[in-house]
1. If we scan the stretch 31-39, do we find a residue that is more than 14 Å from Thr272 (Cα to Cα) and either assigned to a helix (DSSP H, G or I) or under 26 Å from the mean Cα position of the chain (by Cα) (or both)?
2. Against the conditions (1) under 17 Å from Leu166 (Cβ atoms); (2) open to solvent by 50 Å² or more (accessible area, probe 1.4 Å); (3) at pLDDT below 90; (4) not basic (Lys, Arg), where does Phe123 fall short? Just the number, please.
3. Return only the number of the condition from (1) open to solvent by 20 Å² or more (accessible area, probe 1.4 Å); (2) assigned to a loop (DSSP other than H, G, I, E, B) that Leu244 does not satisfy.
4. Tally time: how many residues in the stretch 39-54 are touching a residue at least 12 places away in the same chain (Cβ under 8 Å), open to solvent by 60 Å² or more (accessible area, probe 1.4 Å) and β-branched (Val, Ile, Thr)?
5. Are there any pairs with C-beta distances below 6 angstrom linking a residue in the stretch 273-297 that is on the phi < 0 side of the Ramachandran plot and open to solvent by less than 50 Å² (accessible area, probe 1.4 Å) to a residue that is modelled with pLDDT of 85 or more and of a type in the set (D, E, K, R), with the two at least 6 apart or on different chains, and if so which?
6. Working carefully through the options Arg238, Arg266, find the one that is surrounded by fewer than 20 Cβ atoms within 10 Å (Cβ to Cβ), part of a loop (DSSP other than H, G, I, E, B) and among the charged types (D, E, K, R).
7. Identify the single condition in (1) buried (at least 20 other Cβ atoms within 10 Å of the Cβ); (2) at pLDDT below 90 that Thr226 does not satisfy, given that it satisfies every other one.
8. What is the one condition in (1) among the aliphatic types (A, V, I, L, M); (2) open to solvent by less than 40 Å² (accessible area, probe 1.4 Å); (3) farther than 17 Å from Thr53 by Cα that Leu217 does not satisfy?
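The values are calculated or read from the model by the stated rules, or taken from the named source; none is laboratory data. All figures in this text were calculated on a predicted structure; none of them were measured in a lab. Backbone-built Cβ (ideal geometry, glycine too); neighbour counts: all protein chains shown. SASA here: full protein model, heavy atoms, side chains in, ligands and nucleic acids out. Shrake-Rupley method; radii C 1.70, N 1.55, O 1.52, S 1.80 Å.
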Amino acid sequence: MKSKAWTEKFMQGVFFVAACASVLAVALICIFLFANGIPAMKEIGFIKFITGTQWRPNSEMFGILPMIVGSLYVTAGAIIFGVPIGILTSVFMAMYCPKQIYKPLKAATELLAGIPSVIYGFFGLVVVVPLIRQFGTALHKAGLVQNPGNGNSILTASLILGMMILPTIIGTTESAMRAVPSHYYEGSLALGATKERSIFRVIIPAAKSGVITGIVLGIGRAIGETMAVIMIVGNQARLTSSILDGIRTLTGNIVIEMGYATGLHREALIATGVVLFVFILIINLCVAMLKRGADHE
C-alpha cells in the first residue's frame with residue numbers, strides 16, 4: 001500500500017511538472033513577443049503600424065494593414081471552401097459510409113493531416129496556379145474582371161488552405177457526432193423526421209461544441225500557415241479587392257524578411273508576430289464564449 005501511495009504521489013508530481021512546463025513555455029513566448037514587439041510599436045506609432053498601407057523597410061515605413069487584410073482574406077476563403085466540405089464529409093463518414101470503404105476513407109483523411117505543408121505548396125504551384133490563371137484569363141476575356149492575374153492569388157491560397165484544414169475539421173466533427181447518444185437520432189426518426197433532418201436538426205446541434213472546436217482549430221491552422229501560402233499567394237504587400245490578385249499574409253511577411261532584417265525592421269517583424277498572436281487569442285476567446293453559450297442552452 002505504501003508503495004502504491006508513493007507511486008501515485010510521484011506520478012502526480014510528474015504530471016504537475018509537465019503542466020507547469022506547458023504554462024511556462026506559453027509564458028516565455030508571450031514575454032519574448034511583447035518585450036520585443038511593444039517597443040517597436042511605440043517607436044513606429046501603434047495606429048500608424050496597424051493602419052499603415054505602406055511596408056517599405058528601407059524607408060522605415062512599417063504599415064501592416066495589407067498583411068492583416070491578406071491574412072483575413074485567405075483565412076475566410078479557407079473557411080468558405082473547407083468548412084462545408086469538412087462537415088459534410090464528417091456526416092457521410094459517421095452516418096452513411098459503408099463499412100467496406102470507411103477504413104480507406106478514414107486513412108485518406110488522416111493522411112491529409114500528415115502531408116507536409118511544402119507539398120501542399122508544390123501541388124498548388126504546379127496544379128492549382130495554372131488552373132486559376134486560366135480561370136482568370138477566361139473571366140478577363142468575358143469582360144468580368146480587369147486584371148486576370150497570374151494564378152498566384154487569394155483564390156489559390158484559399159483553395160489550398162481549405163484543403164489543408166479538412167482533416168482537422170473532419171476528425172473533430174466526426175468524433176463529436178459519434179459521441180452523441182444514439183437515442184437522440186432514434187427518437188427523431190420515431191417522431192417522423194427524415195434521416196437528413198434528424199442529422200442536421202438533432203445530431204449536429206447536439207455535437208455543436210465539437211464542431212465549433214474543429215472549425216476553430218482549422219482557422220488556427222489557416223491563419224498560421226506559412227510555407228504553402230508563401231509559394232502560391234504572390235507575396236505582394238498591397239490592398240486589393242480582387243480574389244485573383246496576389247497579397248501577403250502576416251506569417252509570410254515575417255518569414256520572407258526575418259532572415260536579413262536588423263534594427264527597427266527586425267523589431268517591426270516581431271511586432272507583426274504580436275498582432276498575429278493577439279488574433280489567435282481573440283479567436284480562442286470567441287470560441288470560449290460560444291462554448292459557454294452552447295452549455296447554457
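1. Let us first name the residues in the stretch 31-39 that are more than 14 Å from Thr272 (Cα to Cα), namely 31.
Filter again for either assigned to a helix (DSSP H, G or I) or under 26 Å from the mean Cα position of the chain (by Cα) (or both), leaving 31.
Yes: the stretch 31-39 contains one or more residues that are more than 14 Å from Thr272 (Cα to Cα) and either assigned to a helix (DSSP H, G or I) or under 26 Å from the mean Cα position of the chain (by Cα) (or both).
2. Among (1) under 17 Å from Leu166 (Cβ atoms); (2) open to solvent by 50 Å² or more (accessible area, probe 1.4 Å); (3) at pLDDT below 90; (4) not basic (Lys, Arg), the lone unmet condition for Phe123 is (3).
3. Every listed condition holds for Leu244 apart from (1).
4. Going through the stretch 39-54 one residue at a time, the tally reaches 2.
5. Listed by first residue and then by second, the contacts come to Ala294/Lys208.
6. Working: Arg266 fails: part of a loop (DSSP other than H, G, I, E, B).
Checking each option against the conditions leaves just Arg238.
7. If we test Thr226 against (1) buried (at least 20 other Cβ atoms within 10 Å of the Cβ); (2) at pLDDT below 90, just (1) comes out false.
8. (2)
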